[in-house]
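Heads up: the structure comes next, in structure tokens.
The values are calculated or read from the model by the stated rules, or taken from the named source; none is laboratory data. Note that the structure is a prediction, hence the values are computed from the model and not measured. With ideal geometry, Cβ positions are generated from the backbone for all residues, glycine too; neighbour counts draw on all protein chains shown.
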Amino acid sequence: ARLANQIAAGEVVERPASVVKELIENSLDSGATQIDIEIEKGGHKRIVLRDNGSGIVKDELALALSRHATSKITCLDDLEAICSLGFRGEALASISSVARLTLSSKPKAQQQAWQAHCEGRDMQVEINPVAHPDGTSVDVADLFFNTPARRKFLKTEKTEFSHIDEVVRRIALSRFDVSFNLKHNGKLLRKYPAISEQGNPIKRVTAICSKEFAQQSIELNSQYQEFELKGWLVPPSDIQTNSEFQYFYVNGRVMRDKLINHAIRQAIENFSDVESSFSYVLYLTINADQVDVNVHPAKHEVRFHQARLVHDFIYRALADALKQYFE
Ligand code: ADP
Ligand code: MG
């Protein structure tokens, strides 16, 4: 079973940033509104995430660490089978197979908080009482300590942290209602306070992208039939900025997609050279039955049933906004 976890881990846990992504997604699933992340040495040494979500009851702690479709996989030949399963229900199991994982949790209704610890191939999960506020903490230490080949592939502290930073940024741009804090080596580097319903979302965009982005961007808000496109676009300019922010969300999930890129590019090129830099944070909302999202969590692919219509809608929305801006 542990072998299966380690194989799956190769897919789910590529680097510290993938651990952070899975842990944040779990916290969001649990209804957390506050997520604090502490990283040591680019995540090589330690990744700690704390949330104020629903928590995990004592009896389910061990289960949370071991939930996986084990019996199906006995050797490497079955690797493909794992891949096709996707990794749902496998993240914690996979992470714990290649690190020392401590899961502490307290649901509101439970008086006592409990902690589960397990490391590497050792299947034993120990459960002990612990002091912990409502919510869950996951502590991942010594990532890949038992898989030296993978450990060797880790990049510098700085590079691994920049990947983590990017993961947090992407998710924070999709959940304005949740507060995120990100520390590295004891320093609080990112602070994204929650934006209330009445609050101004540009505050978070400013915190995540930059003041320049917020100042130079035009706001978009287009509707057509069941499609909606909202967000911000910094018009193309010849002045090279050192940072481009290009984020496109489809129903709240960040996507990188040829069709979308093409539509954006086409709209931009009406008004600029191909070389110009431009930035955007855009949110497309579309009926869920109009779109297939690739189940592979590492791919950000999407398939629209009415591809042409979506393409032209995005193009039109951006072209109109830019036309207004440049006239
Ligand atoms: P999945 O998220 O696909 O179910 P995971 O391995 O990521 O699989 O998590 C296993 C289970 O552990 C989750 O289904 C959930 O019940 C529980 N869990 C994990 N993290 C948290 C958290 N932060 N808060 C509450 N429950 C959690
Ligand atoms: Mg999960």
task: State whether the residues of region 264-274 include one that is over 24 Å from the mean Cα position of the chain (by Cα), part of a loop (DSSP other than H, G, I, E, B) and of a type in the set (Ser, Thr, Tyr).
output: yes
message: Let me spell it out: the conditions are (1) closer than 22 Å to GLU40 by Cβ; (2) in contact with a Lys or Arg (Cβ under 8 Å, 6 or more places away or on another chain), and SER174 meets all of them except one. Which number is the exception?
response: (1)
- request: Within region 18-55, work out how many residues are in a loop (DSSP other than H, G, I, E, B) and either away from ligand 2 (no atom under 16 Å from the Cβ) or not assigned by TED's automatic domain parsing to the domain that holds ARG170 (or both).
  value: 4
- request: Among residues belonging to region 165-175 that are free of Cβ contacts under 8 Å to residues at least 40 places away in the same chain and closer than 13 Å to ARG253 by Cα, point out the one that is surrounded by the fewest Cβ atoms within 10 Å (Cβ to Cβ).
  value: ARG169
Residue identified as over 30 Å from SER196 (Cβ atoms), within 13 Å of ligand 2 (Cβ to nearest atom) and either modelled with pLDDT under 95 or not charged (D, E, K, R) (or both) among ARG15, ARG67: ARG67
field: Filter result for ASP59 (away from ligand 2 (no atom under 15 Å from the Cβ), part of a helix (DSSP H, G or I), over 29 Å from GLU157 (Cα atoms) and modelled with pLDDT of 90 or more)
entry: yes
message: Need the failing condition index for THR136 against (1) at pLDDT 95 or above; (2) crowded, with 21+ Cβ neighbours inside 10 Å; (3) hydroxyl-bearing (Ser, Thr, Tyr); (4) touching a Phe, Trp or Tyr at 6+ places or on another chain (Cβ under 8 Å), just the number.
response: (4)
- prompt: Any residue at all in region 102-123 that is at pLDDT 90 or above, basic (Lys, Arg) and loosely packed, with under 13 Cβ neighbours inside 10 Å?
  reply: yes
statement: Among helices (runs of 4 or more DSSP H) completely within region 147-241, the ones holding 1 or more residues that are in contact with a Pro (Cβ under 7 Å, 6 or more places away or on another chain) are 157-172
task: Filter region 204-241 for residues that are over 23 Å from TYR325 (Cα atoms) and of a type outside the set (Asp, Glu) and give the result.
output: ARG204, ALA207, ILE208, GLN225
- line: Going through (1) more than 16 Å from ligand 2 (Cβ to nearest atom); (2) farther than 19 Å from GLU14 by Cα; (3) aliphatic (A, V, I, L, M) one by one, LEU103 fails only at (1)
